[in-house]
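Take a look at the structure below.
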Amino acid sequence: MQDRVAIDIDGHVAHVRLVRSDKMNALDNGMFDAMAAAGKQLADNPDIRAVVLSGEGRAFCAGLDMGNFAAMAGHAHGGDHVGIGKLETRTHGIANGPQYAAWMWRELPVPVIAAIHGVALGGGFQVALGADIRYAAPGTRMSVMEIKWGLIPDMAGTQLMRHLAREDVVRELSYTGRIFSAEEALEYGLVTRVCADPLAEALETARYIATRNPDAIRAGKQLFNQAPYLQAEEGLLLESRLQDGIIGTPNQIEAVMAEMEKRPAKFKS
């Protein structure tokens, strides 16, 4: 995993770095495996309260490795897709391996903040979409690039974009594959904020989130993950069920006491 993904933990914040910088953090089978392993490591650590996702070097992620496209051209339709098997086969819950590289960030029980710079293209853009929050450097170039290679976006992008941008915008970007800027992405709703130093901003936000009641943060992520797929009555009931599970717990009482006593809270993970 270390030659693809590195994890630094400071207090309750994990910083996940894509470290294949010589390839602009392009996605190959090794990267997919490393990201899945990183996700499991984070999910198994109850002390983690927030995650920052970034890419080393010149880019966040340049998308699928060119070697994968070359290999793809040599495979017959319906066969093994560059060593990852038939894509309709579910290997990671509801997802296949490449989809999981984006969807896993939604499945993590804690907030994930992507710090994006350079480029986030194709699969790399979809990986960023999996984060709860996206901060991008000015001028960062992005694209739903799959059509360039005669493909459709298939790394969970359709399920993520449809809750962020208007349908006609999603269709236009997917049908054309055109490159758009961080500033345009902000206008579309695909990034949260454009900032001069997205990594510093992401780490600051993650550290702040880590000071709040971790039970409420995890329940909030569960609520926001499920709410878009529920009918109103189901969504309202989920709010109530999750809140019932928080009210009166030691961490919720500590949040109240810390606020009243104007001191930092001391939560239990």
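Each reported figure results from applying straightforward, stated rules to the coordinates on display, with no laboratory input. If you're wondering where the values come from, they're calculated on a predicted model, not measured in any experiment. Cβ: placed from backbone, ideal geometry, glycine included. Neighbour counts: every protein chain shown.
Which entries of Lys23/Lys86; Lys221/Lys262; Lys40/Lys221 have Cα-Cα distances beyond 24 Å here?
As for pairs spanning more than 24 Å Cα to Cα, those are Lys23/Lys86; Lys221/Lys262.
Here's the picture: charge each Lys and Arg Cβ at +1 and each Asp and Glu Cβ at -1 in the stretch 79-223, and of Gly139, Trp103, Ala210 the one pushed furthest to the positive end of that dipole is Ala210. Quick check: the distance between the Cα centres of the stretch 131-165 and the stretch 23-59, to the nearest angstrom? Answer, in whole Å: 17.
Using C-alpha pairs under 8 Å with a sequence gap of at least 6, the mean separation divided by the residue count of the chain gives a relative contact order of 16 percent.
Taking loop as defined by DSSP and a crowding limit of 16 other beta carbons within 10 Å, which trypsin sites (Lys or Arg not before Pro) in the stretch 215-269 fit? If you can, show how the numbers build up before the last one.
Values: sites: Arg218, Lys221, Arg241, Lys262, Lys266, Lys268; in loops: Lys262, Lys266, Lys268.
Sites meeting the loop and neighbour criteria: Lys262, Lys266, Lys268.
Between amide H atoms placed 1.01 Å from N, distances below 5 Å from Leu64 occur with Leu27, Gly123, Gly124, all of them 5 or more places distant or on a separate chain. If the segment from Glu254 to Glu167 were pulled out straight at 0.36 nm per residue, it would be longer than the present Cα-Cα gap by 27.0 nm.
Phi angles across the stretch 113-128 convert, under the Karplus curve 6.51 cos²θ - 1.76 cosθ + 1.60 with θ = phi - 60°, into 3J(HN,Hα) values of 10, 8, 10, 10, 8, x, 9, 9, 10, x, x, x, 5, 5, 4, 4 Hz, Gly and Pro given as x.
Bridge orientation summary for the stretch 5-209: considering DSSP beta bridges with both residues in this region, about 30 percent are antiparallel. Ordering of 105-116, 205-216 by packing is 105-116, 205-216, highest average first (other Cβ atoms within 10 Å, averaged per residue).
Eigenvalues of the alpha-carbon gyration tensor of the stretch 122-210, scaled by 5 and square-rooted, set the equivalent ellipsoid semi-axes at 24, 13, 11 angstrom, largest first.
Note on Lys266: aspartates and glutamates with a C-alpha under 16 Å away, same-chain residues under 8 apart excluded, are Asp47, Asp215, Glu254. log₁₀ I(q)/I(0) of the chain at q = 0.13, 0.14, 0.15, 0.16 Å⁻¹, via Debye over equal Cα point scatterers, no solvent, to two decimals? Reported log10 I(q)/I(0), two decimals: -0.87, -1.00, -1.13, -1.26. Averaging 1/r across all pairs of distinct Cα atoms in the stretch 198-269 and inverting the result yields a Kirkwood radius of 13.7 Å.
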